[in-house]
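Notes for the one structure printed next.
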Amino acid sequence: MTGRLRLGVNIDHVATIRNARGGAHPDPLRAALAAAAAGADGITAHLREDRRHITDRDIDRLMEIDLPLNLEMAATEEMLAIALAHRPHAVCLVPEKREERTTEGGLDAARQHNHLAPYLRELERAGIRASLFIEPSERQVEAALRLKAPVVEFHVGRYAHLEGDEQVIELKRIADMAALAAKNGIEPHAGHGLTFDNVAPIAAIPQLAELNIGHFLVGEAIFTGLEASVRRMRTLMDAAR
Ligand code: PXP
């Protein structure tokens, strides 16, 4: 049976707009509460090394409200210390390059096994559910399995940018990898580049347990307000199941 698909709302770009003027408005915490009121199951925030959007203070404040926080971060010593100090509900390990505009690809879990294995164990010991943000490929799912990761999040940015037959092929790849992960006891999630127009086929993949969506929802909020934008996404996700 297909269970309810959780929606994690990524509020990074509320902080991007706030930081453009260096003040306190718009407040990511207020956005988190509005998203939850509209049907988000949790909040996702990426604390980047350069703190270009979400700041340490934002994480402090997000930990004070009664909403599960999925902290996206690079697998560095600095971020491990922050995660262990805060103990968020979940951590999603992402690759990070200083010069990139956004997270451009998945983590190479296969190549980074020796670095990630002890890192994941530390998070596990602290009771933090860790996921690996990976490409939907067999090589990466198998690497996640060797790492005993409880969760993987598939980077669906390629799907989001393709069209026509190419998009159909990519969708099948994501569905196959979600099935492979689930068959092996890993909970699959997906995120990156999802919009009202492209979310339904992804939401229909029965093994996916969670979608993390940010940029589009915050952009759409300019026209309709954040609550309406989250509510519509929630409706489209539910209708696809
Ligand atoms: N999931 C992960 C791991 C991400 O890094 C991002 C982007 O920060 C998202 C989901 C959300 O992507 P988007 O902002 O394109 O919806």
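Nothing in this text is a laboratory measurement; each read-out follows from the coordinates by a stated rule. Since the model is a prediction, treat every value here as computed from it, not as a measurement. All Cβ positions, glycine included, derive from the backbone under ideal geometry; neighbour counts span all protein chains shown.
Spin-label pair residue 114-residue 145: with each label point 7 Å from Cα along the Cα-Cβ axis, the two points sit 2.4 nm from one another. Taken along its principal axes, the alpha carbon cloud of the range 187-241 reaches lengths of 32, 20, 16 Å, longest axis first. Considering helices alone, the calculated mean residue ellipticity of the chain at 222 nm is -14000 deg cm²/dmol, with DSSP H runs of length four and up weighted by -39500 (n - 2.57) and normalised per residue.
Pairs of Cα atoms under 8 Å, at least six residues apart: use those to get the relative contact order of the range 64-167, whole percent. Relative contact order here is 24 percent. In terms of surrounding Cβ atoms within a 10 Å radius of their Cβ, 133, 216, 154 rank from fewest to most as 216, 133, 154. Using a ≥ b ≥ c from the Cα gyration tensor of the range 71-121 (square roots of the eigenvalues), is it rounded, prolate or oblate, where a/c under 1.5 gives rounded and otherwise the larger of a/b and b/c decides, a/b for prolate? Verdict is oblate for the range 71-121. I need the P(r) histogram for the chain: all alpha carbon pairs, bin width 10 Å from 0 out to the longest distance, whole percents. The distribution over the chain is 8, 34, 39, 18, 2, given as percents. For the range 141-241, dividing the convex hull volume of the Cα atoms by the residue count gives 94 Å³ per residue. Compared with the direct C-alpha span, the chain from residue 204 to residue 239 gains 11.7 nm at full extension, assuming 0.36 nm per residue. Treating each Cα of the range 13-83 as an identical point scatterer and summing with the Debye formula, the log10 of I(q)/I(0) at q = 0.14, 0.18 Å⁻¹ comes to -0.42, -0.69.
Sorting 77, 210 by the number of Cβ atoms found within 10 Å of their own Cβ, with the fewest placed first, yields 77, 210.
The slack between residue 51 and residue 64, meaning 0.36 nm per residue of separation minus the straight C-alpha distance, is 2.7 nm.
Here the calculated FRET efficiency for residue 168 and residue 223, from their Cβ-Cβ distance with R0 = 35 Å, stands at 0.75, rounded to the nearest 0.05. Scaling the Cα radius of gyration of the range 1-45 by the globular reference 2.2 N^0.38 Å produces a ratio of 1.36.
Restriction of the GluC sites (Glu not before Pro) in the range 118-191 to DSSP coil positions whose beta-carbon has at most 11 other beta-carbons within 10 angstrom yields 163. For the range 134-179, the mean projected area of the C-alpha convex hull, equal to one quarter of the hull surface, is 3.0 nm². Can you return the lysines within cross-link range of residue 183? Criterion is Cα-Cα under 30 Å, with same-chain partners fewer than 8 residues away left out. Cα-Cα hits under 30 Å: 148, 172. Put in order of Cβ neighbour count within 10 Å, fewest first, the listed residues 171, 236 become 236, 171. Scanning the chain for DSSP H helices at least 24 Å long along the axis (C-alpha atoms) with a Kyte-Doolittle mean no lower than -1.0 picks out 164-183.
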